[in-house]
Amino acid sequence: MTRPIILGSTSPFRKTILEKLAIPFVCCAPDIDESAQDNELPKDLVERLAIEKAQAVATNYQHGLVIGSDQLAVVDGMVLGKPHSHEKAVAQLQNSSGKVVTFYTGLCLLDVESGDYQSLVEPFEVHFRALTDAEIEHYLKLETPYKCAGSFKSEAAGISLFKKLVGDDPNTLMGMPLIRLIELLRNQGVDVLALANDYNREG
């Protein structure tokens with residue numbers, strides 16, 4: 001019997017990325033406290049939260065594979081949250097200008113029946129150009145990325161802010177490292193291409 005795949009997230013970005021694989025999956029919201037622990041490093045935090053999200057979602061199912069994921073952006077050792085306002089977005093982009101912002105994405109794949117899981121942290125670097133205040137204003141008015149950590153949308157006009165991107169998988173930047181996820185699924189005996197072919201043939 002094919003185990004169902006459950007995305008432990010309600011993020012439209014992660015859902016859209018996972019849909020690229022053309023495999024069947026359902027979404028389920030994890031209900032956990034996402035607060036950082038005392039002196040917890042960003043990499044440790046995103047891995048712990050990815051695991052806890054997967055474990056929380058798994059309690060709703062009797063079998064299946066649950067995907068948990070979490071992401072943080074860091075510049076100069078400081079975590080970049082979602083700005084939620086124009087003023088904070090301006091400040092974030094001014095602070096990132098000419099610098100490297102590192103995104104850490106925690107990923108977990110959990111087998112509901114056994115409780116066993118695989119987890120990892122995938123880094124991705126965004127190298128910003130030196131930005132003028134006018135460029136920042138023009139960009140923010142264009143895309144209003146106030147619900148995006150770091151105040152930009154890399155999949156759209158935000159690409160104009162960068163000098164280069166450094167990482168193994170561009171999907172990582174949007175919250176779901178597909179290359180690593182496919183590896184974790186393969187470790188669980190899931191052939192993504194075969195599953196996609198079967199699913200789309202049935203559909």
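So if each residue of separation counts as 0.36 nm, and I subtract the Cα-Cα distance between LEU142 and GLU19, what length gain in nm does that give? It would help to have the intermediate numbers written out before the result.
Working: separation 123, 0.36 × 123 = 44.28 nm, distance 2.68 nm.
41.6 nm is the gain from fully extending LEU142 to GLU19.
Just the number, please: carbon plus sulfur as a percent of the accessible area of region 120-203, 1.4 Å probe, no ligands or DNA/RNA counted.
Working: 2380 of 4490 Å².
Accessible surface attributable to carbon and sulfur in region 120-203 totals 53 percent.
The GNM of the chain, with springs linking C-alpha atoms under 10 angstrom apart, assigns the highest mean-square fluctuation among ILE17, ILE32, ILE67 to ILE32. Taking trypsin sites (Lys or Arg not before Pro) across region 122-203, the ones in a DSSP loop with at most 11 further Cβ atoms lying within 10 angstrom of their Cβ are LYS147. Just how far, in whole angstrom, is region 31-46 from region 173-192 if you go by their alpha carbon centroids? Comparing the Cα centres of region 173-192 and region 31-46, I get a distance of 23 Å.
A convex hull fitted to the Cα coordinates of the chain yields 123 cubic angstrom per residue. Would you mind counting up the charge near ASP44? Only other residues with Cβ under 13 Å from its Cβ, with Lys and Arg at +1 and Asp and Glu at -1. Here the count lands on -3.
Please find, in a Gaussian network model of the chain (springs between Cα atoms separated by less than 10 Å), the residue of SER97, SER69, SER35 whose mean-square fluctuation is greatest. Of SER97, SER69, SER35, the Gaussian network model singles out SER35 as fluctuating most.
Placing pseudo-labels 7 Å out from each Cα toward the beta carbon at LYS163 and VAL100 gives an inter-label distance of 1.0 nm.
Taking a straight Cα-Cα cut-off under 30 Å and skipping sequence neighbours fewer than 8 places away in the same chain, the lysines within cross-link reach of LYS43 are LYS15, LYS20, LYS53, LYS82, LYS88, LYS99, LYS147, LYS153, LYS163, LYS164. By a 1.4 Å probe calculation restricted to protein chains, ASP116 has an accessible surface near 100 Å², given to the nearest 10.
Between THR59 and THR2, what FRET efficiency follows from the Cβ-Cβ distance if R0 is 22 Å, with the result rounded to 0.05? Could you put the intermediate results ahead of the total?
Working: r = 21 Å, r/R0 = 0.97.
Once the sixth-power term is evaluated, E becomes 0.55.
How large is the convex hull of the C-alpha atoms of region 39-103 per residue, in Å³?
Details: hull volume 7.0 nm³, N = 65.
About 108 Å³ per residue, rounded to a whole number.
Which GluC sites (Glu not before Pro) from region 1-80 combine a DSSP loop assignment with at most 13 other Cβ atoms within 10 Å? Here the GluC sites (Glu not before Pro) that fit, given the DSSP loop and packing criteria, are GLU34, GLU40. When the chain is treated as a Gaussian network with alpha carbon springs shorter than 10 Å, the biggest mean-square fluctuation among ASP44, ASP191, ASP70 belongs to ASP191.
Restriction of the trypsin sites (Lys or Arg not before Pro) in region 1-85 to DSSP coil positions whose beta-carbon has at most 15 other beta-carbons within 10 angstrom yields LYS20. Computed over the Cα atoms of region 95-152, the ratio of the radius of gyration to the Kirkwood radius (Rg/Rh) comes to 1.22. Our note on the geometry: Cα centres of region 49-87 and region 125-157, 22 Å apart.
The values are calculated or read from the model by the stated rules, or taken from the named source; none is laboratory data. Predicted, not measured: the structure shown is a model, and the values here were computed from it. Here the Cβ is made from the backbone with ideal geometry for all residues, glycine too, and neighbour counts use every protein chain on show. Calculation scope for accessible area: heavy atoms of the full protein, side chains included, ligands and nucleic acids excluded. Shrake-Rupley method; radii C 1.70, N 1.55, O 1.52, S 1.80 Å.
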